[in-house]
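The values are calculated or read from the model by the stated rules, or taken from the named source; none is laboratory data. From a predicted model like this one, the values you see are computed outputs, not experimental measurements. Neighbour counts run over all protein chains shown; Cβ positions are idealised from the backbone, glycine included.
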Amino acid sequence: MLVLEDGTALTGESYGAVGQTLGEAVFATGMTGYQETLTDPSYRRQIVVQTAPHIGNTGWNDEDDESDRIWVAGYVVRDPARLASNWRSRRRLDEELTRQGVVGICGVDTRAVTRRLRERGSMRAGVFSGPALAGRAELLDRVLASPPMAGADLVGEVTVAQPYVVPAATPARFRVAALDLGIKSNTPRMLAARGIETHVLPATTTLEQLLALAPDGVFLSNGPGDPATADRAVELTRQVLTRGLPLFGICFGNQILGRALGRGTYKMRYGHRGLNIPVIEHATGRVAITSQNHGFAVDGEPGARFDSDFGAAVVSHSCPNDGTVEGLTCLDVPAFSVQYHPEAAAGPHDAATLFDRFCDLMAAGAPTPAGRDH
Amino acid sequence: MPKRADLSHVMVIGSGPIVIGQACEFDYSGTQACRVLREEGLRVSLVNSNPATIMTDPEFADATYIEPITPEFVEKVIAAEAAAGYPVEALLATLGGQTALNTAVALHENGVLERYGVELIGADIDAIQRGEDRLKFKDVVRSVGAEVPRSAVCRSMEQVHEAVAELGLPVVIRPSFTMGGLGSGMAHTPSDLERMASLGLTESPVHEVLIEESVLGWKEYELELMRDHRDNVVVVCSIENIDAMGVHTGDSVTVAPAMTLTDREYQHMRDVGIAVLRKVGVDTGGCNIQFAVHPETGRLVVIEMNPRVSRSSALASKATGFPIAKIAAKLAIGYTLDEITNDITGETPASFEPTLDYVVVKVPRFAFEKFPGADPTLTTTMKSVGEAMALGRSFPEALGKALRSMETPSVGFWTRPDPPDASARSELEALRVPHDGRLYTAERALRLGATVTEVAQVSGFDPWFVDQIAALAELRVELVAAAELDEPLLRRAKRAGISDRQLAAVRGDLTEAGVRALRHRLGVRPVYKTVDTCAAEFAARTPYHYSAYENSADAETEVTEQRERPKVIILGSGPNRIGQGIEFDYSCVHAAIALRDAGYETVMVNCNPETVSTDYDTSDRLYFEPLTFEDVMEVVDAERTSGTVAGIIVQLGGQTPLGLAQRLADAGVPVVGTPPEAIHLAEDRGSFGAVLERAGLPAPAYGTATSFAEARKIADEIGYPVLVRPSYVLGGRGMEIVYDEETLAGYIARATEVTPEHPVLVDRFLDDAIEIDVDALCDGDEVYLGGIMEHIEEAGVHSGDSSCALPPIALGESDLATVRSSTEAIARGVGVRGLLNVQYALKDDVLYVLEANPRASRTAPFVSKATAVPLAKAAARIMLGASIAELRAEGMLPPRGDGGDLPADAPVAVKEAVLPFHRFRTPEGHGVDSLLGPEMKSTGEVMGIDAAFGQAFAKSQAAAYGSLPTSGRVFVSVANRDKRAMVFPVKRLADLGFEVLATSGTANTLRRNGIPCTVVRKHFEGPDNVVDLINAGGVDMIINTPYGNRGPRVDGYEIRTAAVSRDIPCVTTVQGAAAAVQGIEALIRGDITVRPLQVLHAALRGARQGPDRPETG
Ligand SMILES: Nc1ncnc2c1ncn2[C@@H]1O[C@H](COP(=O)(O)OP(=O)(O)O)[C@@H](O)[C@H]1O
Ligand SMILES: Nc1ncnc2c1ncn2[C@@H]1O[C@H](COP(=O)(O)OP(=O)(O)O)[C@@H](O)[C@H]1O
Ligand SMILES: [Mg+2]
Ligand SMILES: [Mg+2]
């Protein structure tokens, strides 16, 4: 049974592990890439409702994980595959869910749930099966007792314990210190492909520890939870900016940079979670189809210039669907960030060039005009 | 960047007649384009020879030229527009299929575009050629680092042999610049190779074939992409073919979105697609790219690209709600994707990629039963004549709906008994060869014990799809075993897309009605979801719905309330098939427009993705649903709960909805227009006979037989030849002219379904009769003759296949008077309210009634365009209570007079049918007979309109087949009974300077009449015979009337098939010959001009207002 904070309750069949799970119900509209979605740390503590009706068709392989485990708190699908069909597949999705103890539900009207979340906004929810089942009221109480996402500091739960290094795939040109706020494996992969040696560091890393690596640039990863709680990362970012080190952030990292530049962040009604979201780059007017997964956003108007403690900056990218800030660029210090996922796994590769732009910054080590890429 | 300021006049080229591989999807795209361009304040001139299209309605362009789509005529149009003071500035050719694209290329090559300063917008010549020229295209693909099948382009058989020596068999043979894979195929053996390659060389307009490495059995995918001039690119839709490589996408069962790709594989495909699109350089608009993926290695190769809107684009538009053609038109005139809003959400821009929360299945519709002898194996050449699409919340649900949309004998799994000797082994064997209904075979195989792996193995279907079908087979076991159908089981069945009828079939204990009652009692009802392009992320404003079953009785349905305006539900005509095509969609769309204007809320129900009727903005509401009783009734109930249903229209969509009339009425649905009882009066032979008797109208003597004995008895009474056919058919299916008892016995033996419920009708066959077609309106009292069409071929050639002229060219006043009075008598006698179509045969001054169809006819659009009167719109209004008098007052109908008494100076319109013979081959690779008969075989039609018959006929021929010859050699060989009648036209041809060739018998007659001619051997008289001559290109026109009995082995068969494969005019009737002569004379006189429909119509109306017009009663 799936129970939403507003009392909505839908019955289906248990999928994956049996039991109880609580979290924030969000919908994801990607038609491909469930494996990447499930293993994306940004989904920590979230119950993902997949709008694509058939899930599991291509099974589970050993190459497409975005981290070492499934992070979603729960999984809601309509029609799970009985058979996995893909030459790379190693096992069925439900087997993997069960193996990793992820409680899911199938057979429910995912479109109806999505419409509810769209109208009422993301809500706390719970999936219950087997022994965890009880009366509706009882289940609703459990949901209401669970902590809300706003104000949640989840970085600590997903970041690495020990630093590790991802060597460059081509002759090393730069060394990058990547602050792991919930990083996805494809990011170091993309950096490595561009001759970058990536040092993935725990969220607790201090400026000294960071500088000790003598990095050419700093990377702020994506991650779960409410950016308003990430004071530590914000502070570190401000120090990095003061030192004029090239900096690039994505998703959560964009919100961190935003806060470092003095902007506020807010919780969106139901966020952006899909592989089809247009982003306009104001400098060129070009549109990229991007992969996104965020429930919080930075305050700001499309294309607006603003002053910060680190000089002028602009809202360099925004989403034409609803005007959400999708990217920031500093004009006086070498720093920029985007709210979407240029590493795009799952998702379209339209924005991959942003990593090249990061390289340019490190090569130049100097401030950039907005939108210097392509 | 907003719209270009430098454009004020754009020319759009349509795709001409409906043929296999190019159907009404281009009416849909062209119509959208014209709409958009005019909304943008541009002058639009349009060229399209197909009168049955919505786009050729005068409202949709400023100047509508119903003229042949040939470089010559399009140039005439460009010149005419310039002369009228409206020089054409730009040509948009990417929305009219291959025909428009090829014409644009020709106009570029012959310098016309340059001469008149016309710019090609959408895709420029280089882009078109990089996309269409298979060799250039392969270089493009390689240059972006992607793979293609190895191949070589050959211009001669020598080159072909070299290529195959390297590639090894099998190879794919593909003629360049043909549409729908015409002439292409898979050569497995050297002899295949010889035959196909030489054929391909002739069928390619540039005499060039591509010999290509086979990737048979790989998974086939398509991407639909759009690009704007700022280089923003979006992928609108991915489509996966269930039938693997080797079966043309047009003939494959396809699914959207792709079901069996991981994100990595999909994104790789997307990257390649975008890179290719950029490199090809399609400046703006839509394009379609096809891929093959190796199932075991994931290796991806690019197969081809269409740098234009295609059949798949239409499918993708309907599947996603993203109007590709409309947006392509906007992009072509300068907009960028982010400047265009997505109609469906009303707020978000078009610069996004639709995401689906449902599954779409398209199933092709074939017509092999029409072409005896044709090889039904599915290959790389498209053979299907239409398709149906269905949406569901799961693959099985969508598949079930699609299968029951087909109107084939099987309406979904389990609805017909298995072949007696079917076994897992036999079905697995059958699965190896692609054929129509292969999914049925797969289900049988699984049910009879084959494993998913085995079935996937032999069929090449992805195991995931096979498993989905296996799940159905398993469910069936439960359905059969269950003591009774309880709510959970019934719900599971419905969620799996199983119809009430299928349930009744598997459960002996319930009828379809019984299942329905039970289902309603248990509260198992569908809900209606919305196609919103965004998986519910944003609210949708367009009510474009599909039904789905969810797992609870209180599941959410998205049909909104509307109680102000009464609703009218219009039932469409389902998949295109021979006998029921775009003409019926035309009438449905007109009803939607007229009734919306009249203040009703219009609700369209249809399942054909190619059509204008299934555009989300044609009606106020669109339900993309099968046209079965079950599905229609659920829609009716949904609409009744959300408002008041004033009526349902079953008369405009052809036989499909008409067949539902009685059941709908019995279920208490207000069927408007001609009541079901009246429909029965007209359709049931007995009761119709009574109607005629009462009116004192003659009909061919006939009888009804349920056995050979009865049939023979009737035939003996009325005398041979007789025409035999099963009752209740459209498009004359199973009709034959029988000249003797033996053949009669054969027919009865073959006509399997001869039972008391399905008797056989035996008519006296009227030889050498003139056939006349009439379309009329009746409001219960007054009768308005829409038009009287005189057929050119004699009765015996199906009305849908014969060419006809309007106004009639040779009928006398008294005949016309009889036609009028008879039609009025029938309309009143039957009790028609709306449209009526009557077919007559005039023999020895007696006007026999052949049949009356109490519905919109195939000719309604043709008549409307020829007479400047919107018949279908008027019919719709009449059905909802308007009288003809009121419509005359309103101006929808002329103030007085009707189509039966057109002004003397009215232009002559000629309709010509287009036949698909050259698409079919016998398994041995010979052509099929092109002989015309009472069984309809044409896929589409064209209209030629001009001042007099000669010019109009010449145009119709040019539009249908390519121009009549004005000089050269004509070969004549006619049956004895025709020899006399043939003398005159042939003499005329000789006088016009043609060299006459003839077979000995014919030659004698001609010589005796002083016509010089050369004798040629018949095909069986040894070498250098006429067939060789034709194949060698030594003949420019053929006049050949069949001798003796019909049947594939008739004399002249080889001659006609040779003509078909050489694409030269082949006249098979005396009347046709006379018409051809007139056309040729007109061509030689060179007085053929082009005039827009708007001008012709204005003239007609003017003449009608004229003072001295007689009143007609
Ligand atoms: N190299 C090949 N090997 C096997 N089948 C092929 C190959 N190329 C094309 N086909 C099949 O032939 C069909 C038609 O080929 P295509 O290139 O799409 O021509 P068309 O212009 O008719 O669409 C394809 O849909 C595919 O199923
Ligand atoms: N008694 C007849 N004598 C000669 N030709 C006939 C006769 N009846 C039908 N036909 C021919 O057969 C064609 C199809 O017959 P019709 O009754 O119109 O069936 P359908 O329902 O397919 O239109 C007609 O268009 C006409 O050419
Ligand atoms: Mg193709
Ligand atoms: Mg008829």
Take the residues of segment B:792-804 that are in contact with a helix residue (DSSP H, G or I) (Cβ under 8 Å, 6 or more places away or on another chain) and of a type outside the set (A, V, I, L, M, F, W, C): which is farthest from ligand 2 (Cβ to nearest atom)?
B:Ser803
When residues of segment B:216-231 are limited to those that are touching a Pro at 6+ places or on another chain (Cβ under 9 Å) and either within 16 Å of ligand 2 (Cβ to nearest atom) or at pLDDT 95 or above (or both), the one farthest from B:Lys401 (Cα to Cα)
B:Trp218
Going by what's in this entry, would B:Val524 be described as part of a loop (DSSP other than H, G, I, E, B), more than 14 Å from chain A (Cβ to nearest Cβ) and at pLDDT 95 or above?
yes
If you scan segment A:20-31, which residues turn out to be at the interface with chain B (Cβ under 9 Å from one of its Cβ atoms) and either within 12 Å of the chain's Cα centre (by Cα) or β-branched (Val, Ile, Thr) (or both)?
A:Thr29
Given the condition crowded, with 21+ Cβ neighbours inside 10 Å, more than 16 Å from ligand 2 (Cβ to nearest atom) and either more than 23 Å from the chain's Cα centre (by Cα) or among the small types (Gly, Ala, Ser) (or both), answer yes or no: does some residue in segment B:844-866 qualify?
yes
Residue check, A:Arg286 at pLDDT below 95 and over 27 Å from A:Leu38 (Cα atoms):
yes
Scanning segment B:354-382 for residues that are at the interface with chain A (Cβ under 10 Å from one of its Cβ atoms) and either within 16 Å of ligand 4 (Cβ to nearest atom) or in contact with a Phe, Trp or Tyr (Cβ under 9 Å, 6 or more places away or on another chain) (or both) gives B:Pro354, B:Tyr358, B:Val359
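Residue-by-condition table, conditions (1) within 15 Å of B:Ile826 (Cβ to Cβ); (2) among the small types (Gly, Ala, Ser); (3) crowded, with 17+ Cβ neighbours inside 10 Å:
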site	(1), (2), (3)
B:Val636	no, no, yes
B:Val645	no, no, yes
B:Gly668	no, yes, no
B:Val672	no, no, yes
B:Glu693	yes, no, no
Looking for whichever is more than 16 Å from ligand 1 (Cβ to nearest atom) and buried (at least 24 other Cβ atoms within 10 Å of the Cβ) here; the options are B:Gly834, B:Gly925, B:Gly829. Which one fits?
B:Gly834
Taking into account only those residues within segment A:32-58 that are assigned to a loop (DSSP other than H, G, I, E, B) and under 20 Å from A:Val18 (Cα atoms), which is nearest to the other protein chains (Cβ to nearest Cβ)?
A:Gly56
Return a yes/no flag: does segment B:302-317 have any residue that is under 27 Å from A:Thr51 (Cβ atoms) and within 11 Å of another protein chain (Cβ to nearest Cβ).
no
Has segment B:283-292 got at least one residue that is within 14 Å of another protein chain (Cβ to nearest Cβ), modelled with pLDDT of 95 or more and surrounded by 23 or more Cβ atoms within 10 Å (Cβ to Cβ)?
no
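Of all residues in segment A:59-77, count the ones that are away from every other protein chain (no Cβ under 13 Å) and touching a Lys or Arg at 6+ places or on another chain (Cβ under 7 Å). It would help to see each step written out before you state the result.
Of the residues in segment A:59-77, the ones away from every other protein chain (no Cβ under 13 Å) are A:67-75.
Right, trim to touching a Lys or Arg at 6+ places or on another chain (Cβ under 7 Å) and you get A:67, A:71, A:73.
Selection size over segment A:59-77: 3.
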Of all residues being in contact (Cβ under 8 Å) with a residue 40 or more places away in the chain and at positive phi in segment B:271-307, which is farthest from ligand 4 (Cβ to nearest atom)? Just the residue, please.
B:Gly281
Picking from A:Gly253, A:Gly225, A:Gly258, A:Gly249, the residue that is touching a residue at least 40 places away in the same chain (Cβ under 8 Å) and on the phi > 0 side of the Ramachandran plot would be A:Gly225
Checking B:Val455 against (1) buried (at least 21 other Cβ atoms within 10 Å of the Cβ); (2) closer than 20 Å to A:Asp79 by Cα; (3) within 14 Å of chain A (Cβ to nearest Cβ): exactly one of these is not met. Which one?
(2)
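Evaluate the following for A:Glu326: is it in contact with a strand residue (DSSP E or B) (Cβ under 6 Å, 6 or more places away or on another chain), closer than 19 Å to B:Arg230 by Cα and among the charged types (D, E, K, R)?
In short, no.
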Unique residue being within 14 Å of chain A (Cβ to nearest Cβ) and more than 27 Å from A:Arg78 (Cα to Cα) when the list is B:Leu391, B:Leu337
B:Leu337
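Conditions tested, residue by residue: (1) away from ligand 1 (no atom under 13 Å from the Cβ); (2) within 21 Å of B:Met382 (Cα to Cα); (3) in contact with an Asp or Glu (Cβ under 8 Å, 6 or more places away or on another chain).
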{"position": "B:Ala152", "(1), (2), (3)": "no, no, yes"}
{"position": "B:Glu158", "(1), (2), (3)": "yes, no, no"}
{"position": "B:Ala187", "(1), (2), (3)": "no, yes, no"}
{"position": "B:Asp192", "(1), (2), (3)": "yes, yes, no"}
{"position": "B:Thr202", "(1), (2), (3)": "yes, yes, no"}
{"position": "B:Val206", "(1), (2), (3)": "yes, yes, no"}
{"position": "B:Glu212", "(1), (2), (3)": "no, yes, no"}
{"position": "B:Val215", "(1), (2), (3)": "no, yes, no"}
{"position": "B:Lys219", "(1), (2), (3)": "no, yes, yes"}
Criterion (in a helix (DSSP H, G or I), of a type in the set (S, T, N, Q) and more than 14 Å from every other protein chain (Cβ to nearest Cβ)) met by exactly one of A:Thr170, A:Thr98, A:Thr114:
A:Thr98
Go over the candidates B:Ser238, B:Ser204 one by one and state the one that is without any contact (Cβ under 8 Å) to a residue 60 or more places away in the chain, within 13 Å of chain A (Cβ to nearest Cβ) and more than 18 Å from B:Asp338 (Cα to Cα).
B:Ser238
Just to be sure I understand, how many residues within segment B:755-795 are surrounded by fewer than 23 Cβ atoms within 10 Å (Cβ to Cβ) and farther than 22 Å from B:Ser864 by Cα?
14
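Got a sec? Which helices (runs of 4 or more DSSP H) wholly within segment B:833-949 have at least 3 residues that are over 24 Å from B:Leu658 (Cβ atoms)?
On the way: elements: B:860-867, B:871-879, B:884-890.
Helices (runs of 4 or more DSSP H) meeting the threshold: B:884-890.
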Test B:Ala470 against the criterion of being within 12 Å of another protein chain (Cβ to nearest Cβ) and hydrophobic (A, V, I, L, M, F, W, C), and give yes or no.
yes
When (1) within 14 Å of another protein chain (Cβ to nearest Cβ); (2) part of a helix (DSSP H, G or I); (3) under 20 Å from B:Arg365 (Cα atoms) are applied to B:Phe461, the one that fails is (2)
Does B:Ile324 satisfy the criteria of being under 27 Å from B:His545 (Cα atoms), among the hydrophobic types (A, V, I, L, M, F, W, C), within 14 Å of chain A (Cβ to nearest Cβ) and out of contact with any Pro (no Cβ under 6 Å at 6 or more places or on another chain)?
no
From the list B:Ala535, B:Ala540, B:Ala548, which one is surrounded by 19 or more Cβ atoms within 10 Å (Cβ to Cβ), at positive phi, within 11 Å of chain A (Cβ to nearest Cβ) and touching a strand residue (DSSP E or B) at 6+ places or on another chain (Cβ under 7 Å)?
B:Ala535
